[in-house]
1. Restricted to segment 56-87, and to residues that are of a type in the set (D, E, K, R) and in contact (Cβ under 8 Å) with a residue 40 or more places away in the chain, which residue is nearest to Pro119 (Cα to Cα)?
2. Taking segment 178-203 as the region of interest, how many residues are surrounded by 16 or more Cβ atoms within 10 Å (Cβ to Cβ) and out of contact with any Leu (no Cβ under 7 Å at 6 or more places or on another chain)?
3. Tell me whether segment 108-130 contains one or more residues that are over 24 Å from Lys85 (Cβ atoms) and charged (D, E, K, R).
4. Which residues, taken from segment 129-141, are surrounded by fewer than 17 Cβ atoms within 10 Å (Cβ to Cβ) and touching a helix residue (DSSP H, G or I) at 6+ places or on another chain (Cβ under 8 Å)?
5. Residue check, Gly200 against (1) more than 14 Å from the chain's Cα centre (by Cα); (2) within 26 Å of Leu31 (Cβ to Cβ); (3) touching a residue at least 24 places away in the same chain (Cβ under 8 Å), all met but one. Which one?
6. Condition first: more than 12 Å from Ala105 (Cβ to Cβ), touching a strand residue (DSSP E or B) at 6+ places or on another chain (Cβ under 9 Å) and of a type outside the set (Phe, Trp, Tyr). Now tell me which residues in segment 156-177 satisfy that.
7. List, please: which pairs have Cβ atoms under 8 Å, are six or more places apart or on different chains, and start with a residue in segment 139-164 that is acidic (Asp, Glu) and end with one that is surrounded by fewer than 15 Cβ atoms within 10 Å (Cβ to Cβ)?
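The values are calculated or read from the model by the stated rules, or taken from the named source; none is laboratory data. Remember, predicted model here, so these are calculated numbers, not experimental data. For neighbour counting, all protein chains shown are included, and Cβ atoms are generated from backbone atoms with ideal geometry for every residue, glycine included.
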Amino acid sequence: MSDIAVNLADVHARIGAACEKSGSSVEDVTLIAVSKTFSADHVNQAYAAGQCHFGENKQQEAEWKIPLCPSSVQWHFIGQLQRNKVRKVLPMFSMIHSIDSLRLASYTNDLAHELGIFPKVFLQVNLAGELSKAGFSAEELWSSWDLLMGLDRLEIQGLMTVPPVSEQPEKSRHWFAGLRLLRDELQQKTDTRLPSLSMGMSGDYSIAIEEGATHVRVGSAIFGGRDYGLTNSP
């Protein structure tokens, strides 16, 4: 087995343990292998080991990488989405995890009309109010909800968050639980179905699953350390 296959097996075992601890099902958790800065060969090795979902955070990198990988790969856009990249990103990715404002949502909806598609998206929530991160505050999400629900081309899957960086993964639990509670309250008070929560990365995905994550974004635990000098070419 390749190192990537061994790492994938370990991640799946940890996902299984987290699901058992929380009483959830592994079938309800989608593992997204974050392949940013890694080559198409890395993606193909992971695909050969059974991995189908991959995440990229830059349109330019994904543009050259995606054609070098199997057509059945499911690609998730997980980076900050700039308005000038939306037109290119929409046809390339099966799901977008980073709709971070009503303005971006409205623009994406308009382009989806033009392109004749119904993109699946997550709404990014900045629960901690970090200035360095984009996303709706909880208050902005509530105040924008009716307008968001009026965007007829967007298929809103649920909410996404990235908690404050910490060397202690357990500190992320507060933010993961907060996103789940916010999602549950939105569902109850607006009669809206939001089945998915995108949260958790290599250092804290087990905790995220214990708190209800349905999509976890795991990169270094699968592919190893990153070389950021490889992001712009095959």
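1. Our first condition is that a residue be of a type in the set (D, E, K, R); within segment 56-87, this holds for 56, 58, 61, 63, 65, 83, 85, 87.
Right, trim to in contact (Cβ under 8 Å) with a residue 40 or more places away in the chain and you get 58, 61, 65.
Details: Lys58: 18, Glu61: 20, Lys65: 21 Å.
Ranking the qualifying residues of segment 56-87, first place goes to Lys58.
2. Taking segment 178-203 as the starting set, the residues that turn out to be surrounded by 16 or more Cβ atoms within 10 Å (Cβ to Cβ) are 178-180, 182-183, 186, 194, 196-203.
With the extra rule that they be out of contact with any Leu (no Cβ under 7 Å at 6 or more places or on another chain), the set shrinks to 196, 198, 200-203.
Number of matching residues: 6.
3. Within segment 108-130, the subset over 24 Å from Lys85 (Cβ atoms) is 127-129.
Pick out the ones that are also charged (D, E, K, R) and you get none.
No, that holds for no residue.
4. The one that is surrounded by fewer than 17 Cβ atoms within 10 Å (Cβ to Cβ) and touching a helix residue (DSSP H, G or I) at 6+ places or on another chain (Cβ under 8 Å): Glu140.
5. Of (1) more than 14 Å from the chain's Cα centre (by Cα); (2) within 26 Å of Leu31 (Cβ to Cβ); (3) touching a residue at least 24 places away in the same chain (Cβ under 8 Å), only one is false for Gly200: (1).
6. First, the residues of segment 156-177 that are more than 12 Å from Ala105 (Cβ to Cβ): 157-177.
Then keep just the ones that are touching a strand residue (DSSP E or B) at 6+ places or on another chain (Cβ under 9 Å); that gives 157-162, 176.
Answer for segment 156-177, where residues must be more than 12 Å from Ala105 (Cβ to Cβ), touching a strand residue (DSSP E or B) at 6+ places or on another chain (Cβ under 9 Å) and of a type outside the set (Phe, Trp, Tyr): Gln157, Gly158, Leu159, Met160, Thr161, Val162.
7. Every condition considered, the pairs that remain are Glu155/Phe118.
Conditions (1) acidic (Asp, Glu); (2) out of contact with any Gly (no Cβ under 9 Å at 6 or more places or on another chain); (3) crowded, with 21+ Cβ neighbours inside 10 Å; (4) more than 20 Å from Leu148 (Cα to Cα), marked per residue:
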site	(1), (2), (3), (4)
Leu90	no, yes, no, no
His97	no, no, yes, no
Arg103	no, yes, no, no
Thr108	no, yes, yes, no
Ala112	no, yes, no, no
